[in-house]
Amino acid sequence: MSKAACLLLVDDNRMDIELALDAFREASLLNRIELATTGREALDYLFGNAAYADRERFPLPDLILLDLKMPGIDGFEVLRQIKAAPGLRRIPVIVLTSSREDGDRALSYDSGANSYLVKPVSFAGFVEVVRRIGDYWLTLNVNAPSDTD
């Protein structure tokens, strides 16, 4: 990518958010990272609702890292709405979760997830996952054109 990619990290767990942000710094990935701590906030950001209407200030992400288990609107519903929406459905979504359940994996892929990663328990493991995300999704992968192109 010619410009620094924008990532949207969707997770309700403060410790997991801090771990992810620290891992991005440690892996020297200098991408813009936007945060959403609820499914509702993620959807508001993605659909440009209310405070997120300014796309200069809140650009559509090039990649979404999505936790599944959140109160209220969970990650599965966020994923379904993303993949059903023209203008959003081609944005790659990586499910980044603690769940190793077969049913969660199946439902994630059935709902349109591009990848399913289990959160590592160690910081070193998390840094390695972040490096690999950067290497593949932000460097090697060629994203589909947006629905509006």
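Of all residues being without any contact (Cβ under 8 Å) to a residue 24 or more places away in the chain and touching a strand residue (DSSP E or B) at 6+ places or on another chain (Cβ under 6 Å) in the range 55-105, which is nearest to Ile17 (Cα to Cα)? Just the residue, please.
Result: Arg100.
Can Ala23 be described as among the small types (Gly, Ala, Ser), buried (at least 17 other Cβ atoms within 10 Å of the Cβ), at pLDDT 95 or above and under 21 Å from Gly134 (Cα atoms)?
Against the criterion (among the small types (Gly, Ala, Ser), buried (at least 17 other Cβ atoms within 10 Å of the Cβ), at pLDDT 95 or above and under 21 Å from Gly134 (Cα atoms)), Ala23 does not qualify.
Here is a yes/no grid of residues against (1) closer than 14 Å to Gly39 by Cα; (2) part of a loop (DSSP other than H, G, I, E, B); (3) in contact with a helix residue (DSSP H, G or I) (Cβ under 7 Å, 6 or more places away or on another chain):
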position: Ala51; (1), (2), (3): no, no, no
position: Phe58; (1), (2), (3): no, yes, yes
position: Phe76; (1), (2), (3): yes, no, yes
position: Arg89; (1), (2), (3): no, yes, yes
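So, in the range 114-132, of the ones that are touching a residue at least 40 places away in the same chain (Cβ under 8 Å) and touching a strand residue (DSSP E or B) at 6+ places or on another chain (Cβ under 7 Å), which residue ends up surrounded by the most Cβ atoms within 10 Å (Cβ to Cβ)?
Only one residue fits best here, namely Val129.
Residues in the range 78-87 that are surrounded by fewer than 17 Cβ atoms within 10 Å (Cβ to Cβ), out of contact with any Gly (no Cβ under 8 Å at 6 or more places or on another chain) and assigned to a helix (DSSP H, G or I): how many?
1
Taking Leu46, is it surrounded by fewer than 18 Cβ atoms within 10 Å (Cβ to Cβ), of a type in the set (A, V, I, L, M) and free of Cβ contacts under 8 Å to residues at least 60 places away in the same chain?
no
Name the residue, out of Ile17, Ile33, Ile94, Ile64, that is touching a Leu at 6+ places or on another chain (Cβ under 8 Å), in a strand (DSSP E or B), modelled with pLDDT under 95 and surrounded by 14 or more Cβ atoms within 10 Å (Cβ to Cβ).
Ile33
Collect the residues in the range 1-14 that are modelled with pLDDT of 90 or more and either over 20 Å from Ile82 (Cβ atoms) or aromatic (Phe, Trp, Tyr) (or both), keeping them in residue-number order.
Within the range 1-14, Asn13, Arg14 qualify.
The values are calculated or read from the model by the stated rules, or taken from the named source; none is laboratory data. For clarity, every value in this text was computed on a predicted model and none was experimentally measured. Cβ sites come from the backbone with ideal geometry, for glycine too, and all protein chains shown count toward neighbours.
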